[in-house]
Amino acid sequence: MPRHLMNPMDLTVEEIQSLIDLAGDIERDPDKYAHACDRKTLATCFYEPSTRTRLSFEAAMYHLGGHVLGFSSADSSSAAKGESVSDTIRMISCYADICAMRHPKEGAPFVASLKSSIPVINAGDGGHQHPTQTLTDLLTISSLKGHLDHLVLGLCGDLKFGRTTHSLIEAMSRYEDVEFILISPPELRVPNYITEMLGKKHLKYTEVQSLEEVMPVLDILYMTRVQRERFFNEDDYVRMKDFYVLDKPKMELAKKDMLVLHPLPRVNEISVEVDDDPRAVYFKQAQYGMYIRMALILTLLGIEV
Ligand code: NCD
């Protein structure tokens, strides 16, 4: 049976640590891995737009010596003719060794995984989960902070539809002494299943609206964009889209060693003037995304170097 990745919780804390360690080794000595995936093929099946996730998956496979095939929109695949993801994955299983799938419908990659004879990686399903972004975030925090425990983590923006925040909160809930500060307008609060999970585990969390007020206590600020494509009407989006803008005056309120992460793409929620602040690590974070995906591909294919 192939091993799939739908949710970061599919991996144990120890497995996540092994992926982080492997990604670190790959970054230090990329030549060692340059032929690890010779004659292996990755399929990228993207039914929704993407820049970083798809290209970092593809770059990851090329850097491992493998091949890549796939599609970058539903229009250019047989989904446009009405084919189901179950049928599509059965085809892909004949042409590729591993598949990364992004889909606007929650659970679509999971449905595909049930019919797949190759590992399927959820590369983002609707407003639900985005486990490989979370692995990227964990590698970033672990590399730049040196630890994943004892942190005050602020997540700001669209916590309702932002799948990256759901996956990150779940993953971080397993490390010791992590406090969550959930910063959003009331309409964009995290789904109940997330707060229920935090409550059940007796973890410290607060839901607030003001970013300024909590800036001084944060170790990590995870900014997100308002997810326009998941709104039911444009007026609500327009009302909400510039609710938070991280700028220089707000950065002055923060700790000297706080880190600002963002899965990107950014719209207006981080002013470009923040980019030069050494605490702004979102572009570095995107770079880490390739190394962790290299580690994940090797691990799910069972390849040891
Ligand atoms: C995120 C996503 O697709 O959920 N982007 C990404 O994968 N880096 C965040 C977003 O689109 O806002």
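Percent relative contact order of region 163-305, based on C-alpha pairs within less than 8 angstrom and at least six residues apart? Averaging sequence separation for qualifying contacts and normalising by length gives 20 percent for region 163-305. Of the trypsin sites (Lys or Arg not before Pro) found in region 3-72, those that fall in a DSSP loop while having at most 16 other beta-carbon atoms within 10 Å are 3, 39. Secondary structure note: in the chain, about 5% of the DSSP beta bridges are antiparallel. The order of the peptides 204-214, 119-129 by mean Cβ neighbours within 10 Å, most packed first, is 119-129, 204-214. Solvent-accessible area of residue 114, all protein chains in place: 120 Å² (probe radius 1.4 Å, heavy atoms, ligands and nucleic acids excluded).
Sorting the segments 57-70, 231-244, 285-298 by their residues' average number of neighbouring beta-carbon atoms within 10 angstrom, most packed first, yields 285-298, 57-70, 231-244. Taking amide H positions as modeled 1.01 Å from N, with prolines and chain starts lacking one, the residues under 5 Å from residue 280 and 5 or more places away or on another chain are 260. Can you tell me how the chain classifies by the Cα gyration tensor, rounded, prolate or oblate, using a/c under 1.5 as the rounded cut? Prolate shape, in that a/c is at least 1.5 and a/b is the bigger ratio.
In the chain, taking the dipole from charged Cβ atoms about the Cα centre, the farthest positive-side position among 161, 126, 148 is held by 126. For region 43-50, the Karplus equation 6.51 cos²θ - 1.76 cosθ + 1.60, evaluated at θ = phi - 60°, returns couplings of 9, 10, 10, 10, 8, 8, x, 6 Hz by residue, with Gly and Pro reported as x. Histogrammed with a bin width of 5 Å, the alpha carbon distances of region 1-114 distribute as 2, 10, 18, 22, 21, 15, 7, 3, 1, 0 percent, first bin at zero. Computed with a 1.4 Å probe over protein heavy atoms only, the accessible surface of the chain comes to 44 Å² per residue.
By definition, a body whose alpha carbon gyration tensor gives a ≥ b ≥ c is rounded when a/c is under 1.5, and region 163-300 falls into this rounded group. Relative contact order of the chain, taken over Cα pairs closer than 8 Å and 6 or more residues apart, is 20 percent. When the helices of the chain are scored as -39500 (n - 2.57) per DSSP H run of n ≥ 4 and the total is divided over every residue, the value at 222 nm lands at -11000 deg cm²/dmol.
Here's how it looks for residue 151: its modeled amide H is under 5 Å from those of 178, 179, which are all 5 or more places away or on a different chain.
The values are calculated or read from the model by the stated rules, or taken from the named source; none is laboratory data. As the structure is a prediction and not an experimental result, all values here were calculated from the model. When we count neighbours, we look across all protein chains shown, and the Cβ atoms used for this are built from the backbone with ideal geometry, even at glycine. The area values use the complete protein model at the heavy-atom level, side chains included, leaving out ligands, DNA and RNA. Shrake-Rupley method; radii C 1.70, N 1.55, O 1.52, S 1.80 Å.
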